[in-house]
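For reference, the structure is listed below as structure tokens.
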Amino acid sequence: MPERKIPFAETIRSFHDAGIRFVVIGGVALGAHGSNYATKDVDFAYAVESENLERLAAFLPTIHARVSGRPANDGFVISTMTLQRARFLNLYTDLGEVDVMREIGGIDSFEGLWERAIPMDLGGFVVRVASIDDLIAMKRSANRPKDQAHIYELLALKKLLEAPTEE
């Protein structure tokens, strides 16, 4: 598999090295598939088995994660219970803005997302990136104005990737 150079590789590697089971979704996933979309954060879908929740809950304080919109130093702790209950958390961290998501609109389950995800080398480490079809499903579910443009681009990328190559 070809090595990919994408923004936020350090952030993604940190999650990878912490042993967290995740799939990269959102704008970074679009970029990994060839989109020119620029994003300001990294979106992760995470597995909800207890060991993974424990690793994620232990890791987030090491990057000083705090929930967007909450006052700094308000004492709120992101725990395994928080990660089990919250659909998603928008976080500010030492590594930049990160969104962690337990539930993603348009997706049947994390396990389904994981199985369909594409393993990609992001510069010496391999992670799973949401498939184009799953990204389209997520964008259709979110249905924001920017998602409409992303859907057209993803459909075009899919067509290009599926086109037979001349030899």
Contact list, first residue from the range 141-167 and modelled with pLDDT under 85, second anywhere and β-branched (Val, Ile, Thr), beta-carbon distance below 8 Å, six or more apart or interchain, is Leu161/Ile132
Of those in the range 34-66 that are charged (D, E, K, R), under 17 Å from the mean Cα position of the chain (by Cα) and surrounded by 15 or more Cβ atoms within 10 Å (Cβ to Cβ), the residue farthest from Met138 (Cα to Cα) is Arg55
Apart from one, (1) of a type in the set (Phe, Trp, Tyr); (2) at pLDDT 95 or above; (3) out of contact with any strand residue (DSSP E or B) (no Cβ under 9 Å at 6 or more places or on another chain); (4) within 30 Å of Leu160 (Cα to Cα) all hold for Phe59; the odd one out is (4)
Report whether or not Leu135 is in contact with a Leu (Cβ under 6 Å, 6 or more places away or on another chain), closer than 26 Å to Ile63 by Cβ and touching a residue at least 24 places away in the same chain (Cβ under 8 Å). yes
If we keep only residues of the range 121-139 that are hydrophobic (A, V, I, L, M, F, W, C) and at pLDDT below 95, then the residue nearest to the chain's Cα centre (by Cα) is Leu122
**Study point:** Any chance Arg102 is within 16 Å of the chain's Cα centre (by Cα) and not polar (S, T, N, Q)
**Key:** yes
Quick one: would you say Val48 is part of a loop (DSSP other than H, G, I, E, B), touching a Phe, Trp or Tyr at 6+ places or on another chain (Cβ under 8 Å) and at pLDDT 95 or above? yes
All conditions in (1) at pLDDT 95 or above; (2) more than 25 Å from Ser109 (Cα to Cα) are true of Lys5 except (1)
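The values are calculated or read from the model by the stated rules, or taken from the named source; none is laboratory data. Only a predicted model underlies this, so the values are computations on that prediction, with no experimental measurement involved. Cβ: placed from backbone, ideal geometry, glycine included. Neighbour counts: every protein chain shown.
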